[in-house]
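Enquirer: One structure, as structure tokens, below. Some questions next.
The values are calculated or read from the model by the stated rules, or taken from the named source; none is laboratory data. Remember, predicted model here, so these are calculated numbers, not experimental data. Quick reminder, even Gly has a Cβ in these numbers, built from the backbone with ideal geometry, and neighbours come from all protein chains shown. Areas reflect the complete protein model, heavy atoms only, side chains present, ligands, DNA and RNA absent. Shrake-Rupley method; radii C 1.70, N 1.55, O 1.52, S 1.80 Å.
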Amino acid sequence: MLRPPRPPLTPPVHPPLVQPDTGPHDQALCDTARPPDWRNPQPREPYHLLVIGGGPAGLVAARGAAALGARVALVERHLLGGDCLNYGCVPSKTLIRSSRLYAEMRNAANFGVLAADEIHVDFALAMERMRRIRSRISRVDSAARLAASGVDVFFGNARFTSGDAVDVDGGRLRFKKALIATGSRSMLPPIPGLAETGYLTNETVFDLTELPASLLVIGGGPLGCELAQAFCRFGCRTCRRRNATPR
Ligand SMILES: Cc1cc2nc3c(=O)[nH]c(=O)nc-3n(C[C@H](O)[C@H](O)[C@H](O)COP(=O)(O)OP(=O)(O)OC[C@H]3O[C@@H](n4cnc5c(N)ncnc54)[C@H](O)[C@@H]3O)c2cc1C
């Protein structure tokens, strides 16, 4: 049976680089993952390899090629580290760790361990720990370190203008080979009322500083499940919604 075409999905707008109320760690993250005073280098064209996207894939490829002696440029439009560092693996796993500890504290008696009668959850503290760890890990893939490993780092939006050139915010970079490592972004599913109601995505949920009283997670894949479980363990009423249409 032919499936009807999917309605077009809209990507949400990128959040600002640093949220005003999330403390000093996000500023430190930006200082390494996108230094405010960074000047794009003078291009050494043509590049043997031009990498678009500074997530885990782009970083590994760029560093590897530079280590083999290639002339390499990497273009990132947002923050080095990509989803994994900024909106994915790192923040989610740090939060999961804190929430698991709360769950274990509540269950301590089962392990023959004495714990306080009342477990008080400090969500803001767990989020602050997440930001601290994220900014610390960002040093591994800092712009300065990447440049020191021989990669020319350009911040800006890459756009192909011909078969051997990209435009980066008005400047041209020529290349012999290009690697598109632009990853993925969450899309707004066509749920009536969603846009008007307001929503969080993986790009904004880690900016929370207060625990929401309740959270509806749309999507029952591993990421939706782990997020729902973590928030539930912090004491938030969570509800996970699976896609009703079988795939
Ligand atoms: C909540 C969550 C939890 C996750 N947990 C895990 C986990 O535990 N383990 C795991 O293995 N994976 C996990 N993932 C998946 C992991 O984050 C991704 O698989 C990984 O980040 C993909 O890396 P990438 O380099 O391909 O792309 P990305 O990390 O998405 O990086 C792509 C980069 O390209 C940049 N870019 C895009 N377009 C342009 C352009 N035109 N010009 C310049 N730059 C551009 C973007 O700004 C971005 O920085 C998780 C993801 C999420 C959302």
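Enquirer: Normalising by the residue count of the chain, find the relative contact order in percent from Cα pairs under 8 Å and 6+ residues apart. If you can, show how the numbers build up before the last one.
Expert: Numbers: 379 pairs, mean separation 68.3, N = 247.
Relative contact order here is 28 percent.
Enquirer: Let me ask another. Just want the answer: with Cβ charges of +1 for Lys and Arg and -1 for Asp and Glu, which residue in VAL168, GLY64, ALA108 is farthest toward the dipole's positive end in the range 24-184?
Expert: Toward the positive end, the furthest listed residue is GLY64.
Enquirer: Quick one: accessible area per residue over the chain, 1.4 Å probe, rounded to a whole number of Å²?
Expert: Heavy-atom SASA per residue in the chain reads 59 Å².
Enquirer: Could you order LEU74, LEU216 by accessible surface area, starting with the largest, using a probe radius of 1.4 Å?
Expert: Details: LEU74 0, LEU216 105 Å².
Descending accessible area places them as LEU216, LEU74.
Enquirer: Which shape class applies to the range 24-184: rounded if a/c is under 1.5, otherwise prolate when a/b exceeds b/c and oblate if not, where a ≥ b ≥ c are the square roots of the Cα gyration tensor eigenvalues? Working shown, then result.
Expert: Working: a/c = 3.31, a/b = 2.88, b/c = 1.15.
Note, shape of the range 24-184 comes out prolate.
Enquirer: Report, to the nearest whole %, how much of the accessible area of the chain belongs to carbon and sulfur atoms, 1.4 Å probe, protein only.
Expert: So the carbon and sulfur contribution to the accessible surface is 57 percent.
Enquirer: Here's a follow-up. Helix 222-234 versus the longest principal axis of the chain: what angle, 0 to 90°, nearest 10, using Cα atoms?
Expert: So the inclination is approximately 50 degrees.
Enquirer: Measure nothing but the geometry: give the 0 to 90° angle between the long axis through the Cα atoms of 24-33 and the longest principal axis through the Cα atoms of the chain, rounded to 10°.
Expert: The angle comes out near 30 degrees.
Enquirer: What length, rounded to one decimal in nm, is gained on full extension from ASP167 through to THR209, with 0.36 nm per residue of separation minus their alpha-carbon distance?
Expert: Details: separation 42, 0.36 × 42 = 15.12 nm, distance 3.77 nm.
Stretched fully, the ASP167-THR209 segment lengthens by 11.4 nm.
Enquirer: If the chain between ALA147 and HIS48 were fully stretched, how many nm would it gain, using 0.36 nm times the residue separation less the Cα-Cα distance?
Expert: Extra length from ALA147 to HIS48 when fully extended: 34.0 nm.
Enquirer: What range in the chain is the longest one free of GluC sites (Glu not before Pro) that are in a loop by DSSP and have at most 10 other Cβ atoms within 10 angstrom? Don't skip to the end; give the middle numbers.
Expert: Values: sites that count: GLU118, GLU210.
Between the exposed loop sites, the longest stretch runs 1-117.
Enquirer: Considering only DSSP beta bridges whose two residues both sit in the chain, what percent are antiparallel, to the nearest 5? Walk me through the numbers on the way to the answer.
Expert: On the way: 9 of 28 bridges.
Restricted to the chain, the bridges split so that about 30 percent are antiparallel.
Enquirer: Considering only protein heavy atoms, what is the solvent-accessible area of MET187 at a probe of 1.4 Å, reported in Å² to the nearest 10?
Expert: Roughly 90 Å² of MET187 is accessible to a 1.4 Å probe.
Enquirer: Per DSSP H run of at least 4 residues, take -39500 (n - 2.57); add these up for the chain, divide by its residues and hand me the 222 nm value, nearest 500 deg cm²/dmol. Each step should come with its number before you reach the end.
Expert: Numbers: 8 runs with 84 residues, N = 247.
That comes out to -10000 deg cm²/dmol.
Enquirer: Taking only Cα atoms, what is the 0 to 90° angle, nearest 10, from helix 56-67's long axis to the longest principal axis of the chain?
Expert: 40
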